[in-house]
Amino acid sequence: MKSKLLSSAFILSTLIGTAQVEPVKMDSLDEVIITSTRIDLPFKENSRTITVITSKDIKESPATNLPDLLQQVAGVDVRRRGTFGSQADLYIRGGSFDQTLLLIDGIKLEDAQTGHHSMNLALPLEVIERIEIIKGPAARVFGQNAFTGAVNIVTKKSMDNRVDLGVQAGSFGQKNASVTVGSELSNTSHIIHYSRNTSEGYRYNTDYDNQNYFLKSSFNKNHMPIDLIATFQERDFGANGFYASPSAVNQYEETQASLVGLSSTYRNNSLTLKPRVYWRRNQDMYLYTRTNPEGYRNLHQTNKIAAELHGSYNTKIGTTGFGVDLAQIYLSSNNLGKRDRFMTNFFLEHRFKFFNNKFDVTPGVAVTYFSDFKFHAFPGVDVGYSVSDQLKLYGNIGYTYRIPTYTDLYYSDPTTLGNDQLDPEEAIAEEIGIKFLGKSINATVAFFNRDSQKLIDYVKVNEDDLWQAENIRDLNTKGFEANLNYHFELSGLTQHIDLGYTFIEDEIKDLDIDYSRYSINSLKHQATATYRGHFFKIVQPSLTYKYAERTSGQAYTVWDASLTVSIQQLDVSLYANNIFNEEYYETNLVPMPKGNVLFGVTYHFK
């Protein structure tokens, strides 16, 4: 396979002629406004651990989809089943997939059925402007499900007037095609995207056929803008060993996920208001035996209809952030039954500044109501001190929580039984950190601790009993995280090196039970390194290193690479994953593919 990579790289290199293109404009973190909270703040002023993946990072990454991209971030654990993000679970700092919240433009995408569906709306990279990853307790900012953190996908606002056409082909019969259209008018703008990704599968019954539709329109841009976002994603895939046990080789799944949202922003001197309404839908059909639809089959449909109003108000004593959201959940399932839930969240926070604005304190609280779990309040506070324009010390502490999913409460199969008496999971989490933003170096170091109670596990007393969900676990999770971003000039062209490391130690409190289904399997050691370069102005190589060692003792190292040549309006790319043929799995003993390549061409019509 290595010889094929070298040959492909040589062929791409020969395309370099006298054509010249300007390098992509640098994204400065100083200019990035974190929009995933009510009080919009520049990146360097936040008193939390936040990682931003910019549009430039996305363009130059060897990743071709969102799950692969997030795997390059220390502290984020994406456990994939199969390739190209057909099924993937999202974890932050050792939490579970049910304890991490995904958002699109601030719209919360939690699924009341199960956190397994969070990534069903992972958008194509072509429409993403940046990604904001908030690590640590975030319940007072976002509400439930942000137990260990949140990921906010910020979509592009405009693309000028152009059409991008892309095709890709590679190992395992991969065939991908996409079209993205941008239209910029005097008072409106529009982005339309469609893509289809197919594969014969890297082993028996791992084929997939995924389709993505996306629309974003902005109206009345010159006055009070109204933004419309609509997306629909359909995924049909063979699920060899994905669930149940590795011996269940004939499983099959189809998911459909959609989102429609309307939002606006009103500003008048010191007051900012952001109203929003949206509808999120998810449908999941699962077959234990693909060729026997009449056998074991689950069909779930979840609908969430929500309205929100968030805002901020500036006074002499600081900025007050406030918000309320209302949501109605409907579930229809042949296994879980017909369920509905009404949710209300109230948010209040205030940012104080002292000592010539060097010292900031932001206390806040989220008060939630669920029709089936009543009221809960979750306070927290962020504190920061700016030693200089480049150096900041910060810390935060807060309560966080997660209510049980409908799967936890009601799911049943021949071996499993839900529990409708479950309580919400709860935790108190603390963090202290330091961040440095220089001209060529950005660095952060953070230490964190989380004491969790009432964690849900499936347990049984006797070997022949059914697994039953119980609030059985108490867990202490502590660790630290370090990140370094360095860029430098080589022959007048910018080169980037990104390094990250996370250490997590889990201490499980005494568990007086004979049989437990869920073992804690965090990434005890996680190291990431990425090089992104430019040569001859038109050649962009990248190389990513990922090392993972789990609590179970399993360890693996994966290298990914890409090479892109840009000649005027044409991009020719080669992507190579797992180039050293590492044998490894990320979850449920599902083996990941060995070395594979993907060749792509994109043309930009302007």
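The values are calculated or read from the model by the stated rules, or taken from the named source; none is laboratory data. Note that the coordinates shown come from a computational prediction; the quantities given were computed from them, not determined experimentally. Backbone-built Cβ (ideal geometry, glycine too); neighbour counts: all protein chains shown. Only protein heavy atoms, including side chains, enter the accessible area calculation; ligands, DNA and RNA are left aside. Shrake-Rupley method; radii C 1.70, N 1.55, O 1.52, S 1.80 Å.
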**OP:** Look at residue 335 and say whether it is not acidic (Asp, Glu) and not in a strand (DSSP E or B).
**Re:** yes
Original post:
Looking only at segment 389-406, which residues are more than 22 Å from residue 481 (Cα to Cα) and open to solvent by 30 Å² or more (accessible area, probe 1.4 Å)?
Top reply: 389
**OP:** Please tell me if residue 518 is modelled with pLDDT under 85 and either within 27 Å of the chain's Cα centre (by Cα) or open to solvent by 70 Å² or more (accessible area, probe 1.4 Å) (or both).
**Re:** yes
Original post:
Does residue 466 meet the test of being open to solvent by 60 Å² or more (accessible area, probe 1.4 Å) and within 30 Å of residue 532 (Cβ to Cβ)?
Top reply: no
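Table: residues versus (1) open to solvent by less than 20 Å² (accessible area, probe 1.4 Å); (2) assigned to a loop (DSSP other than H, G, I, E, B); (3) over 30 Å from residue 365 (Cα atoms).
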site	(1), (2), (3)
278	yes, no, no
286	no, no, yes
289	no, yes, yes
295	no, yes, yes
298	yes, no, yes
312	yes, no, no
324	no, no, no
330	no, no, no
344	yes, no, no
Subject >> residue 340 being of a type outside the set (Gly, Ala, Ser), assigned to a strand (DSSP E or B) and surrounded by fewer than 17 Cβ atoms within 10 Å (Cβ to Cβ) >> reply: yes
**OP:** Would you be able to tell me the number of residues in segment 168-183 that are buried (at least 16 other Cβ atoms within 10 Å of the Cβ) and aliphatic (A, V, I, L, M)?
**Re:** 1
**OP:** Just one of (1) out of contact with any strand residue (DSSP E or B) (no Cβ under 9 Å at 6 or more places or on another chain); (2) at pLDDT 95 or above trips up residue 245, so point out which.
**Re:** (2)
Original post:
If a residue has to be under 24 Å from residue 406 (Cα atoms) and assigned to a strand (DSSP E or B) to count, how many in segment 238-264 make the cut?
Top reply: 9
**OP:** Would you check if residue 267 is more than 28 Å from residue 410 (Cβ to Cβ) and either modelled with pLDDT under 95 or assigned to a loop (DSSP other than H, G, I, E, B) (or both)?
**Re:** yes
**OP:** Could you grab the pairs with beta carbons closer than 7 Å, sequence gap of 6+ or different chains, first residue in segment 457-472 and not in a strand (DSSP E or B), second one not hydroxyl-bearing (Ser, Thr, Tyr)?
**Re:** 461/514; 466/417; 466/460
Subject >> Filtered residue count, segment 48-104, keeping only those that are on the phi > 0 side of the Ramachandran plot and open to solvent by less than 10 Å² (accessible area, probe 1.4 Å) >> reply: 4
Original post:
Looking only at residues in segment 131-167 that are out of contact with any helix residue (DSSP H, G or I) (no Cβ under 6 Å at 6 or more places or on another chain), in a loop (DSSP other than H, G, I, E, B) and buried (at least 24 other Cβ atoms within 10 Å of the Cβ), which one is modelled with the highest pLDDT?
Top reply: 136
Subject >> The listed residue being charged (D, E, K, R) and under 30 Å from residue 442 (Cβ atoms), out of 358, 374, 338 >> reply: 358
Original post:
In segment 412-421, is there at least one residue being among the small types (Gly, Ala, Ser), part of a strand (DSSP E or B), in contact with a strand residue (DSSP E or B) (Cβ under 9 Å, 6 or more places away or on another chain) and open to solvent by less than 60 Å² (accessible area, probe 1.4 Å)?
Top reply: no
Original post:
Taking segment 33-47 on its own, how many of its residues are surrounded by 18 or more Cβ atoms within 10 Å (Cβ to Cβ) and at pLDDT below 80?
Top reply: 3
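Every residue, every condition in (1) surrounded by 22 or more Cβ atoms within 10 Å (Cβ to Cβ); (2) out of contact with any Ser or Thr (no Cβ under 6 Å at 6 or more places or on another chain); (3) closer than 27 Å to residue 180 by Cβ, yes or no:
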{"residue": "194", "(1), (2), (3)": "no, yes, yes"}
{"residue": "197", "(1), (2), (3)": "yes, yes, yes"}
{"residue": "203", "(1), (2), (3)": "no, yes, no"}
{"residue": "206", "(1), (2), (3)": "yes, yes, no"}
{"residue": "211", "(1), (2), (3)": "no, yes, yes"}
{"residue": "219", "(1), (2), (3)": "no, no, yes"}
{"residue": "225", "(1), (2), (3)": "no, no, yes"}
{"residue": "240", "(1), (2), (3)": "yes, no, no"}
{"residue": "246", "(1), (2), (3)": "no, yes, no"}
**OP:** Scan segment 356-377 and report the pairs whose first residue is in a loop (DSSP other than H, G, I, E, B) and whose second residue is basic (Lys, Arg), with Cβ atoms within less than 9 Å and a gap of 6+ or a chain change.
**Re:** 371/341; 372/339; 372/341; 373/341
Subject >> segment 468-511, subset under 30 Å from residue 409 (Cβ atoms) and aliphatic (A, V, I, L, M), residue modelled with the lowest pLDDT >> reply: 511
Subject >> Test set (1) open to solvent by 10 Å² or more (accessible area, probe 1.4 Å); (2) free of Cβ contacts under 8 Å to residues at least 40 places away in the same chain; (3) assigned to a strand (DSSP E or B); (4) farther than 24 Å from residue 592 by Cβ - residue 186 fails condition number >> reply: (3)
